[in-house]
Amino acid sequence: MKTKQLFAGLALMTLGLGTAQADYTLNLMEGVTTLSRDVYGLHMLVFWVCVVIGIAVFGTMFYSIYFHRKSRGYKAALFHESTKIEILWTIIPTVILVLLAIPATKVMLEMDDTKDSEMSIKVTGWQWKWEYEYLDNGIRFFSSLDEASNKARQLNSGIDPRTVPNYLLAVDNPLVVPVNTKIRFLLTSADVLHSWWVPDLGWKKDTIPGYINEAWTSVDTAGTYRGQCTELCGRDHGFMPIVVIAMEKPDYEAWVAEQKGIAVASAATADRKWSQDELISKGESVYANNCASCHMADGAGLAGTFPAITDSVVVTGVMDTQIDLLLNGKGMMPAFGQMLDPVDLAAVSTFIRNGLGNSVGDSIQPAAIKALQSAIPAIEYDDDDDE
């Protein structure tokens, strides 16, 4: 059955009817933006030029082989080369390439034209999540692999990944954008090379530490569009999806208002005093989403690669040492001080000191973490914008 589907898809693509929506991807995705459609149109133009060239070349070759075969009395011509043919097959490909370069250049220039954007979003790649900052309204959050996929991917989880909706392609906090709005993206990285790619948008862009790349989009149709990091950015590279939700403008404005309300509430939450039980309860989920992939769900770690949390001298020792490691990272350990909010950091710190086989008995308040985070220096970037 699958073989039949494969050949059916190939036939449809040859007829210009097949798309990347089928079970077997045999063609580019047309997408939901002007850019993606232009890229798709350029691709199909080049594809059909190649088809015509292929038919002409192989048709001539097979015609010559069949109708000038030895059994019909033909003998091979005794010449070494033809200057006219050499010139001809140099000029014709050159003309074809020049003609194709015209629409290709037009599309490339269009892809780099971020002028007259209506809003700007900064995208920062982290191992292994994305940070989104809406520069026009101050909204900022991190987007990570969703909890269901994260649990299913763990060794010996006992969960069949096929039962998880959008396995490895779902996140906890999607990027939300308005439709019919030109959006400028500023893309960078906080640690290693990443690459931000959503096929429906028609482009992908590398995120480079200390450097800012630019791109833009304007989504025509409301909906949910999924992508992934396409750079080999480390051991969890395959668990760094991207989800973009395009909304009608009234719905988007309502979402913006909701996010601002959440930010105010979150700031107030960080300033109140938390009980140890509250911190441990919340810290368990923070650990599962951010730490378990390396240190294992039970805190046993991975021998020779990731140290155990259980009975760790850092975790069970002086609180300041553990907090410094969480905030600033070390080696393969990410700097969570710029990734998690004070409540999450205080919660996970308290949880690992009083869970996973440890029982230190102390805790730290979000307010104390907040004060330490304020001293962390901001990351500096080089902007490639010449304007």
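Readers should treat all values here as calculations from the given coordinates under stated rules, not as data from a laboratory. Please read these numbers as outputs of a predicted model, since none were measured by experiment. Here Cβ is always computed from backbone atoms with ideal geometry, including for glycine, and neighbour counts include all displayed protein chains.
Odds and ends about this structure:
- Remark: M332, M111 ranked as M332, M111, counting other beta-carbon atoms within 10 Å and listing the fewest first.
- Within the listed set R69, R184, R162, the residue fluctuating most in the Gaussian network model of the chain (springs between alpha-carbon atoms under 10 angstrom) is R69.
- Crossing angle, helix 249-271 versus the chain [Cα axis fit, 0-90 degrees, rounded to tens]: 30
- Zone of D136's modelled label, taken as backbone nitrogen in the stretch 250-266 under 17 Å from a point 7 Å along Cα→Cβ: 250-260
- Checking the Cα-Cα distances for K205/K330; K260/K330; K151/K249; K205/K249; K106/K129; K115/K370 against a 30 Å cut-off, the pairs over it are K260/K330; K151/K249; K106/K129; K115/K370.
- Dipole magnitude of the stretch 119-268, debye to nearest 20 (Cβ charges: Lys/Arg +1, Asp/Glu -1, about Cα centre): 200
- Degrees between helix 276-290 axis and first principal axis of the chain (Cα, 0 to 90, nearest 10): 20
- Cβ charges +1 (Lys, Arg) and -1 (Asp, Glu), total dipole of the chain, debye: 2100
- In terms of surrounding Cβ atoms within a 10 Å radius of their Cβ, H194, H68 rank from fewest to most as H68, H194.
- Taking the longest Cα principal axis of the chain as reference, the axis of helix 34-67 is set at about 40 degrees.
- Measuring gaps between exposed loop sites in the chain (chymotrypsin sites (Phe, Trp or Tyr not before Pro); DSSP loop; at most 13 other Cβ atoms within 10 Å), the longest gap, sites not included, is 80-387.
- Antiparallel beta bridges, as assigned by DSSP with both residues in the chain, represent about 70 percent of the total such bridges.
- Each Lys and Arg adds +1 at its Cβ and each Asp and Glu adds -1 at its Cβ; summed about the Cα centre, the stretch 273-373 shows a dipole of about 160 debye.
- Taking every alpha-carbon pair within the chain, the share separated by more than 26 Å comes to 64 percent.
- Candidates P93, P174, M240 compared by Cα position along the dipole of the chain: farthest toward the positive end lies P93, with charges placed on Cβ.
- Taking D277, D200, D220 as the candidate residues, the one with maximal mean-square fluctuation in a Gaussian network model of the chain, Cα springs under 10 Å, is D277.
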